[in-house]
Amino acid sequence: MSTSLIIGAGALGRSTAEHLLNAGHDVVVATRRPLPDTDPLVIGGARSIACDITTPEALAAVRTLRLSAIVACCNWPYPQWSRMWPRATQQLIAIAAQHDASLTVAGNLYPYALGSSPLGETSKIDPPSALGRVRAEVWETLFDAHKQGRIRATEIRGSDYLGAGAGAGAHAGDRLVVPVLSGAAAHPIGDPDQPHTWTAIRDFGRLLARAVQDEHMWGRVWHVPSAPACAIRDVAQALLDADVRLNGQAAQTHPRLQPIPGWLLTALGLFSPMMRQLGTVAYQFTEPFVLDDSAARNELGEQETPWAETIEDMVRDFHTRRSVSLR
């Protein structure tokens, strides 16, 4: 049986693996350290291996697998992007070429030029940040290898993701969900009333999984169908409204949002490389940042998960985790 290799076990890697497992695929999840036997992916049928995709040893780590597809859902802290992504890209190409496997990479909207909203797959590539330049170069390298016939490459791009399991690093993850549903103030960056596209983790994973076998998708960039753009204040209010629907009450009627001022972000950047890099992409929350996903809708027939369903899953996940922590 041919195997799909998922690089990374974060939110997108897990969602992709779940979609493939549910479709009957043989799935191997590669992380720097093997997943424990109690991990839901392992329990669900995925195999786990240790593999650092940034090192030459990655090729040997997967040599005995009969790979038909690779899905790269790996990521690193912002300050490491310029060092890690070029290394990972070369190893991904080498593994895909060695196994004659399709290669799909989870991407983002950082490469697009300022003021290009709504952002489509053919929007101008003019990265306004060093992080955007890194991601633009990743796809340029992959696409060059694709055009040369060395590999079959695809990049699936989405906006900031949200959903159960988004984690602490996501703008609409724990840093928003936990304080809002706990009755505290949340501290987003930028203008909390600017329209912004949010991509559901489930939808991101589904399109990544589809690219494993859909030859029509290979050799180009696709945007994940996402719910209509809304401000982060609207996301927070939707969480509270869903809490009332599901549980009869919420910790507050309206969300308290106290945005981090730009000057403070700049000041923090003097001491924290992570905050310094975060400041370079804060423009995504100071002006409309809207995704054009019409290609995947029109050509692939894809649709987003209903907004209410995604939000309610986030509320249920919050209460489940809180009840576990209180035991």
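None of the figures in this text is laboratory data; all of them are computed from the coordinates on show. Just so it is clear, the structure is predicted and the values come from calculations on it, not from any experiment. Counting neighbours? That spans all protein chains shown, and the Cβs are built from the backbone with ideal geometry, glycine included.
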Check your understanding: What is the dipole size for the stretch 1-144, taken about its Cα centre, with +1 at each Lys and Arg Cβ and -1 at each Asp and Glu Cβ, in debye to the nearest 20?
Key -> 240 debye
**Study point:** Distance between the stretch 69-106 and the stretch 143-204 - C-alpha centres, whole angstrom
**Key:** 19 Å
Check your understanding: If one computes P(r) from the Cα atoms of the stretch 1-157, what percent of pairs lie at distances over 22 Å?
Key -> 41 percent
Practice item. Show the residues, 5+ positions off or on another chain, whose built amide H is closer than 5 Å to the amide H of Ile189. Key: Ile260
Revision key, fill the gap. Between Leu119 and residues 5 or more places away or on another chain, the pairs with built amide H atoms under 5 Å apart involve Val290, Leu291, Asp292
Exercise for review: For Asp191 paired with Glu140, estimate the spin-label separation in nm (one decimal), with each label point 7 Å from Cα along the Cα-to-Cβ line.
Suggested key: 3.1 nm
**Study point:** Pair Ala113, Asp174: separation of 7 Å Cα→Cβ label points (nm)
**Key:** 4.0 nm
Review point. What list of whole percents do you get for P(r) of the chain, with Cα-Cα distances grouped in 20 Å bins up to the one holding the largest distance?
Key: 31, 60, 9
Practice item. Let me know the charge dipole size of the chain about its Cα centre in debye, to the nearest 20, where only the beta-carbon of Lys, Arg (+1) and Asp, Glu (-1) is charged. Key: 860 debye
**Study point:** Per residue, the convex hull volume that the Cα atoms of the stretch 171-260 enclose (Å³)
**Key:** 115 Å³
Exercise for review: Calculate, for Gln98 and Ile125, the FRET efficiency according to 1/(1 + (r/R0)^6) with r their C-beta to C-beta distance and R0 25 Å; round to the nearest 0.05.
Suggested key: 0.30
Exercise for review: Mind pulling the per residue volume of the convex hull built on the Cα atoms of the stretch 232-327? Å³ is fine.
Suggested key: 174 Å³
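So if each residue of separation counts as 0.36 nm, and I subtract the Cα-Cα distance between Arg322 and Glu309, what length gain in nm does that give?
2.7 nm
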Check your understanding: Amide H neighbours of Asp26 under 5 Å, counting only residues 5+ apart in sequence or on other chains, H built in-plane at 1.01 Å?
Key -> Ser4
Practice item. Work out from phi, with θ = phi - 60° and the Karplus expression 6.51 cos²θ - 1.76 cosθ + 1.60, the ³J(HN,Hα) of each residue of the stretch 89-99, listed in order in whole Hz, and give x for Gly and Pro. Key: 4, 5, 5, 4, 5, 4, 5, 4, 5, 4, 9
**Study point:** Surface/4 estimate of mean projected area, convex hull on alpha-carbon atoms of the stretch 55-108, nm²
**Key:** 3.8 nm²
Check your understanding: When the dipole is taken about the Cα centre of the stretch 165-211, and only Lys, Arg (+1) and Asp, Glu (-1) are charged at their Cβ, what size is it in debye, to the nearest 20?
Key -> 300 debye
**Study point:** Expected 222 nm ellipticity per residue - DSSP helices of 4 or more, -39500 (n - 2.57), all of the chain, to 500
**Key:** -12500 deg cm²/dmol
**Study point:** Ellipsoid semi-axes in whole angstrom, largest first, where each is sqrt(5λ) of the Cα gyration tensor of the stretch 114-231
**Key:** 30, 17, 13
**Study point:** Asp241 versus Ile43: modelled label distance in nm, points set 7 Å from Cα along the beta carbon direction
**Key:** 3.4 nm
**Study point:** Per-residue HN-Hα couplings for the stretch 167-179 [Karplus 6.51, -1.76, 1.60; θ = phi - 60°; Hz; x = Gly/Pro]
**Key:** x, 6, x, 7, 4, 9, x, 4, 5, 9, 4, 4, x
